[in-house]
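Take a look at the structure set out below.
The values are calculated or read from the model by the stated rules, or taken from the named source; none is laboratory data. Every value quoted in this text rests on a predicted model; they were computed, and no experiment measured them. Every residue, glycine as well, gets a Cβ built from its backbone with ideal geometry; the counts of neighbours run over all protein chains shown. Ligands, DNA and RNA are excluded from the accessible area calculation, which covers all protein heavy atoms including side chains. Shrake-Rupley method; radii C 1.70, N 1.55, O 1.52, S 1.80 Å.
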Amino acid sequence: MAGSRLELVFGGTPPEGRLLLVGAGAGTDLDPFDPAHTQVVQGFFPDHQALTARGFAVATSAAGGFETAVVFLPRARAAARARIAEAAAHLPPGAALWVDGQKTDGVDAVLKELRGLAPVDAVQSRAHGKIFRVTLPQPGWLPGDWAARDHEAAPGMVTRPGVFSADGPDPASQALAAALPEKLPTRIVDLGAGWGWLSAQILTHPGVETLHLVEADASALDCARRNVTDPRAQFHWADALDFHLPEPVNGVIMNPPFHEGRAADPRLGAGFIRAAAGLLTGAGRLWMVANRHLPYEQALRECFAEVSELGGDTRFKILTATGARRAGAGGRGQPKGRRR
């Protein structure tokens, strides 16, 4: 795990001066570091909240200057480069930028790239991953295209590195959008709205008066704010499993995540189903899409009186449910690190 590699490098002695941690999560062992001199960049809402509760100053982007930084690599290559570029932009020449990652997340490829750009040393291996130090040269050492940039994923709609389905609309969301009825309920929640493509399709249907976009990834939600400018849209940076509104809605539409790391975990979608039941009126309706092999029907029957399949294909199934049993709502205790 990342903590064991951090211990190899830092032991019980935190680095001097201000420290920047980019991408540290709720499960990262941050015992070597002093919260009073550390800023964490974390845009995933549950991790952001958990780290704040541990006494760290947590933000969705770095601010100010630092003497040392540690970057924790994500799986997406563009997102990994963007994190390194963000950390480097807040360090002076000669500063140490540590990079930590699992082999399955491409740490060896990143190590090879950075060796061609700057002095790299102190490579340590443990727990199926590596951590190494980059000593920053003068400004301009990183290629300009490493910094996070907008990508036009659909006409007039942008994404940023690391958001789900950053290259274009997810096929499951496209299947769900095509299966929705012409007229939709007045008050709808898009649970796990991502960068807003599905929400934009929802807003083209007659009947919609208010649409709540709920998303845990701050970067994706920032994209959604730019992509969905309809005044009926309301944006919520929140954990979908804990999200509540003052009054119940009469529609929930969702393409829930189903991955914990690299492994499929149906408990994630089941948590979304329970959360949806907690948001709906008894007469309200849920529409959702799921990979064909995922066994969500049991969770749906536990939370709703009526469940049926609208259609789909060999890859996806479109499910709908009504008669929410709101007492069964609440998805806490589900795993983090959610990916579709």
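A few comments on the model shown:
- Hypothetical label at E152: residues of segment 216-241 whose amide nitrogen lies under 17 Å (7 Å Cα-Cβ projection): 226-228
- Segment 141-233 - Kirkwood radius from inverse mean 1/r over Cα pairs (Å): 13.8 Å
- Cα-centre dipole for the chain with unit charges at Cβ (Lys and Arg positive, Asp and Glu negative), debye to 20: 480 debye
- When both bridge partners sit in segment 14-170, DSSP labels roughly 50% of those beta bridges antiparallel.
- Here the extension length gained between E306 and T52 equals 87.4 nm, from 0.36 nm per residue of separation less the Cα-Cα distance.
- Spatial offset of segment 77-131 relative to segment 7-23 amounts to 15 Å, using the alpha carbon center of each.
- Percent of C-alpha pairs per 10 Å bin in the chain, short distances first: 6, 25, 30, 21, 13, 5, 0.
- Enclosing the Cα atoms of segment 65-188 in their convex hull gives a volume equal to 162 cubic angstrom per residue.
- Using only Cα coordinates, the Kirkwood hydrodynamic radius of segment 17-127 works out to 14.3 Å.
- Total formal charge among the other residues, if their Cβ is under 11 angstrom from that of E309, Lys/Arg +1 and Asp/Glu -1: +1
- Restricting the calculation to Cα atoms, segment 85-132 yields a radius of gyration followed by a Dmax of 11.0, 31 Å.
- If R0 is 51 Å, the Cβ-Cβ spacing of D313 and E16 corresponds to a FRET efficiency of close to 0.30.
- Pair D230, H37: separation of 7 Å Cα→Cβ label points (nm): 5.1 nm
- With all protein chains kept in place, the per residue accessible area of the chain amounts to 42 square angstrom at a probe of 1.4 angstrom.
- Cα shape, segment 178-329, gyration tensor, a/c 1.5 rule: rounded
- Local net charge near A224, Cβ-Cβ under 13 Å (Lys/Arg +1, Asp/Glu -1): -2
- Segment 45-98: Rg to Rh, with Rh as the Kirkwood radius over Cα pairs: 0.99
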